[in-house]
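Read the structure below first, then the notes.
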Amino acid sequence: MRKILDIKQIINYYRQAVFQVLRVQRNVVAPGSKYFGTKTPPAYGLLIPLCGRANMHFDKVLYEMAPGKIFHFTPNMQLDKEVIGPEYWDYIVIQYHRKDSIPLLQYADSHYESDISFTPHLYDLLLQFYMQCSIPGQFTNQKAQALLENIWAEILPKNLDTDNEKSRLLIQEAIKFIDLHYTKNLTIPAIAENYGLGGKQFTYLFRKFKGISPNQYIISLRIQRAQELLYRHQYSVAEVSHYVGYTDPYYFSRLFKKRTGQTPASCKKSKLDLKNFSM
């Protein structure tokens, strides 16, 4: 039986699930081509059509593929496919490996499809995603997931004004919480849980409304406060490190130099122009 899911539910799943992107492929198949008796790769996958039309059977269940839809398959499914119509069948496949067994989405272990808004910008984003993830030696799971966030944002329906306002207010509350507690041992999953979100979804929303990730925001607050303490008070580097939330003063020193261009020790000896520090 063909399964159809809501795209918001699907994107929410991929923002919370723990998975590793293994490979991003682009396939272009000639009109009239037929492939029967094959199998899907030994990985989970998302298939996003770019151009043309095809009929694909996942375990003998027919899916009619064309731009404006996204499809999901699981490892080693029976696969039959046939390109229909006069155009070349052009599509992107994102293969991934699940790293958890949390049942966040119905049919996560099955085939399904969803309708999406296929825009020229989405087409460009998908091609950029494919090209950047295809560069030998430069592909990383972290990079792939960061690029996927841009794709999810474009795919989401644009009539979610109410949801956007709720999310904006939620992030405002989270920022107030971080501003009050940034010197403590904060973790993104713990903060996200306070607001009923997964870590990935919280990070996405925070970056969307604040412009930077929550981790970068916390680091900026800590380094700014450390600068003030080092310049205005007679605290040791280790004391300042502990006060702003870092138990390892060596890690703090490396991070401080990376962000400010000078070591904490040299900062204690020089006059610091705090107004020039930017988050």
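The values are calculated or read from the model by the stated rules, or taken from the named source; none is laboratory data. Owing to the predicted nature of the structure, the values given are computational and were not obtained by experimental measurement. A quick note on method: Cβ atoms are made from the backbone with ideal geometry, for glycine too, and the neighbour counts reach across all protein chains shown.
A few comments on the model shown:
- Identity of the residue in the stretch 240-268, polar (S, T, N, Q) and outside any helix (DSSP H, G or I), that ends up nearest to Ile219 (Cα to Cα): Thr247
- Identity of the residue in the stretch 184-226, more than 14 Å from the chain's Cα centre (by Cα) and of a type in the set (Ser, Thr, Tyr), that ends up surrounded by the most Cβ atoms within 10 Å (Cβ to Cβ): Tyr217
- Residue within the stretch 36-43 that is among the polar types (S, T, N, Q), under 16 Å from Phe129 (Cβ atoms) and either out of contact with any Pro (no Cβ under 8 Å at 6 or more places or on another chain) or not in a strand (DSSP E or B) (or both) present: no
- Residues within the stretch 58-83 that are of a type in the set (A, V, I, L, M, F, W, C), under 11 Å from Thr40 (Cα atoms) and assigned to a loop (DSSP other than H, G, I, E, B), tallied: 1
- So Ala30, is it surrounded by 15 or more Cβ atoms within 10 Å (Cβ to Cβ) and either over 20 Å from Tyr107 (Cα atoms) or outside the structural domain of Glu149 (by TED's automatic domain parsing) (or both): no
- Flag for Ile155 being at pLDDT below 90 and either under 17 Å from Ile94 (Cα atoms) or loosely packed, with under 14 Cβ neighbours inside 10 Å (or both): yes
- Only one of the numbered conditions (1) at pLDDT below 90; (2) in the same structural domain as Val24 (by TED's automatic domain parsing); (3) of a type in the set (A, V, I, L, M, F, W, C) is violated by Leu125, and that is (1).
- Residue check for Tyr107: modelled with pLDDT under 95 and touching a Cys at 6+ places or on another chain (Cβ under 9 Å): no
- Tabulated pairs, the stretch 105-130, first crowded, with 18+ Cβ neighbours inside 10 Å, second in a loop (DSSP other than H, G, I, E, B), C-beta under 6 angstrom, 6+ apart or interchain: Tyr112/Lys3; Tyr112/Leu5; Ser114/Leu5; Phe118/Pro67; Phe118/Gly68
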